[in-house]
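Chemist: Before I ask anything, here is the structure I am working with.
The values are calculated or read from the model by the stated rules, or taken from the named source; none is laboratory data. This is a predicted model, so every value here is computed, not measured. All Cβ positions, glycine included, derive from the backbone under ideal geometry; neighbour counts span all protein chains shown. Just so you know, the surface numbers come from the protein's heavy atoms only, side chains and all, with ligands and any DNA or RNA stripped out. Shrake-Rupley method; radii C 1.70, N 1.55, O 1.52, S 1.80 Å.
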Amino acid sequence: MESAWAMRYLRWFLPALLASATRLIADPLVIAHRGASGYLPEHTLASAVYAHALGADYIEQDVVLSRDNVLVVLHDIHLDTTTDVVARYPERRRADGRYYAVDFTWAELATLTVRERFNPLTGEPVFPDRFPANGVSFRLCTLAEQITLIAGLNRATGRKTGIYVEFKEPAWHAREGKDLGANLLAELGRLGFNRAADSVFVQCFDAAALRRLRTELKTELRLVQLIGTGEEQASLLTPDGLREVAAYAQGIGPSLRLLTRPGADGRPELTTLVRDAHALGLLVHPYTVRADSLPADLPTVEALLDLILQEAQVDGFFIDQPDHGVRAVARLP
Ligand code: G3P
Ligand code: CA
């Protein structure tokens, strides 16, 4: 009887105790979102270099597959929001008018020029004050290239910046005949990442696809369940949903909007999400802090960062301008 009670105690309270201890001994992680994407075109090698130089703890890579199964660092399954594919390969659009990375070999993708994210209908930049569209040629890169770059920078500087990979739309890839999750684990393994202690997180919005990495593909890597504000993911936020996530993942990556709600005095107040996740031993890494696109009820990036770090006590956060994140962590008492 006593040992059954002790086991129950350990099962429910040990993860929370470990999570609290981790927060006491480790600073929150500054995760450079798509590299230093607030300053240079997202997911380029230049953006990764700058994120490293600004002191990010982790650098994020979103990945999709090319036709010849190369993992490409790209946020969208489409190419027409960040590259010159329309001008270079006009005949390669699908019936829906879009251009898909999976229709191109890596050799073809490598010829494209990358620029700051833009609206493909108007050509207007999404963030007007970021890096200008013309004059400098950036390129796409593979996941292997970006990881090799970060490893090289780590060696040259003595830093230990990690990688934080999101596999994009695995169900869509499956309908195209591609196993994105399995390809990703194979590539990470080839590059030396296969243990929980390695400096890598793997993240995904698709809960079934993320769970499969643990249950079917038996990865030991740390997994993070992304949670957006859409109705289809609302069940993950319930106590049962979070408990299910804790069975296969080390953390959650919720939208910033799930951390707060409007307060009576016009200032945002915290939801219980961070506390609920911590009680299950889950890390919490919300996305995305953007100094040039702030929530209406938080006037400065400093106010936003101090709220999520000092009041919500998150364990890390995705940010487009990593230098702001590094300074906010330095402000912690
Ligand atoms: O992966 C965290 C965050 O990047 C999720 O949103 O659309 O920027 O990939 P997204
Ligand atoms: Ca992402």
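Chemist: What are the ³J(HN,Hα) values, in whole Hz, obtained from phi via the Karplus relation 6.51 cos²θ - 1.76 cosθ + 1.60 with θ = phi - 60°, for each residue of the stretch 31-37 in sequence order, with x given for Gly and Pro?
Modeler: Per residue, the Karplus-derived 3J(HN,Hα) values read 10, 6, 7, 6, x, 7, 6 Hz.
Chemist: Under unit Cβ charges (Lys, Arg +1; Asp, Glu -1), what dipole magnitude, rounded to 20 debye, does the chain have relative to its Cα centre? Provide the component values of the computation, followed by the final result.
Modeler: Values: 35 positive and 42 negative charges, 143 e Å.
My answer is approximately 680 debye.
Chemist: What spacing in nm lies between the two simple spin-label points modelled at ASN194 and THR229, each 7 Å away from Cα in the Cβ direction?
Modeler: 4.2
Chemist: Separate question: LEU121 to SER255: extension gain in nm, 0.36 nm per residue of separation minus the Cα-Cα distance? Provide the component values of the computation, followed by the final result.
Modeler: On the way: separation 134, 0.36 × 134 = 48.24 nm, distance 2.66 nm.
Length difference between fully extended and current span is 45.6 nm.
Chemist: I would also like to ask the following. If you roll a 1.4 angstrom probe over the protein chains with everything in place, what fraction of the accessible area of the stretch 145-209 belongs to carbon and sulfur, to the nearest %? Intermediate results must be reported in sequence, preceding the final value.
Modeler: Details: 1550 of 3000 Å².
The C+S portion of the solvent-accessible surface of the stretch 145-209 is 52 percent.
Chemist: Okay, moving on. Across the stretch 317-327, in residue order, what do the Karplus-derived ³J(HN,Hα) couplings come to in whole Hz, using 6.51 cos²θ - 1.76 cosθ + 1.60 with θ = phi - 60° and x for Gly and Pro?
Modeler: Here the 3J(HN,Hα) series is 7, 7, 8, 6, 10, x, 4, 4, x, 4, 5 Hz.
Chemist: With a sphere of radius 13 Å drawn around the Cβ of LEU54, what net charge do the other residues whose Cβ falls strictly inside it have (Lys, Arg +1; Asp, Glu -1)?
Modeler: So the environment of LEU54 carries a net charge of -1.
Chemist: I would also like to ask the following. Give the carbon-plus-sulfur fraction of the accessible surface of the stretch 60-120 in %, rounded to a whole number; probe 1.4 Å, heavy atoms of protein chains only.
Modeler: Carbon and sulfur together cover 52 percent of it.
Chemist: Right, next: Estimate the FRET efficiency between ASN154 and ALA186 by the formula 1/(1 + (r/R0)^6), using the beta-carbon distance for r and 30 Å for R0, to the nearest 0.05.
Modeler: On the way: r = 23 Å, r/R0 = 0.76.
According to the calculation, E is roughly 0.85.
Chemist: Then there is this: Round to the nearest 10 and give me the degree value, 0 to 90, for the angle of helix 2-25's Cα axis relative to the longest principal axis of the chain.
Modeler: Approximately 50 degrees, to the nearest 10.
Chemist: Carbon-plus-sulfur fraction of the accessible area of the stretch 243-332, 1.4 Å probe, in percent? Working shown, then result.
Modeler: Values: 1850 of 3750 Å².
With neighbouring chains kept in place, the figure for the stretch 243-332 is 49 percent.
Chemist: Also, quick follow-up: Using a 10 angstrom cutoff on alpha carbons, build the Gaussian network for the chain and name the most mobile of GLY123, GLY230, GLY152.
Modeler: The residue with the greatest mean-square fluctuation here is GLY230.
Chemist: Among the lysines, which have Cα under 29 Å from the Cα of LYS160 when same-chain residues fewer than 8 positions away are ignored?
Modeler: Here the lysines satisfying the reach criterion relative to LYS160 are LYS168, LYS218.
Chemist: Using a 1.4 angstrom probe, figure out how much accessible area the chain has per residue, in square angstrom, rounded to the nearest whole. Please list the in-between numbers first.
Modeler: Details: 15620 Å² over 333 residues.
I get 47 Å² per residue for the chain.
Chemist: Mind checking the stretch 198-290 for trypsin sites (Lys or Arg not before Pro) that DSSP puts in a loop (not H, G, I, E or B) and that have at most 15 other Cβ atoms within 10 Å?
Modeler: On the way: sites: ARG211, ARG212, ARG214, LYS218, ARG222, ARG243, ARG257, ARG275, ARG290; in loops: LYS218, ARG290.
Sites meeting the loop and neighbour criteria: LYS218.
Chemist: Right, next: Over the chain, what lengths in whole Å, largest first, do the semi-axes of the equivalent ellipsoid take, defined as the square roots of 5 times the eigenvalues of the alpha-carbon gyration tensor?
Modeler: Details: eigenvalues 214, 115, 76 Å².
Result for the chain: semi-axes of 33, 24, 20 Å.
Chemist: While we're here: In nm, to one decimal, how far is the GLU311 label point from the ARG267 one, both placed 7 Å along Cα→Cβ?
Modeler: Reported label-point gap for GLU311 and ARG267 is 0.6 nm.
Chemist: If you don't mind, another one. Once you place label points 7 Å from the Cα toward the Cβ at ASP84 and ALA174, how far apart are they in nm?
Modeler: 3.8
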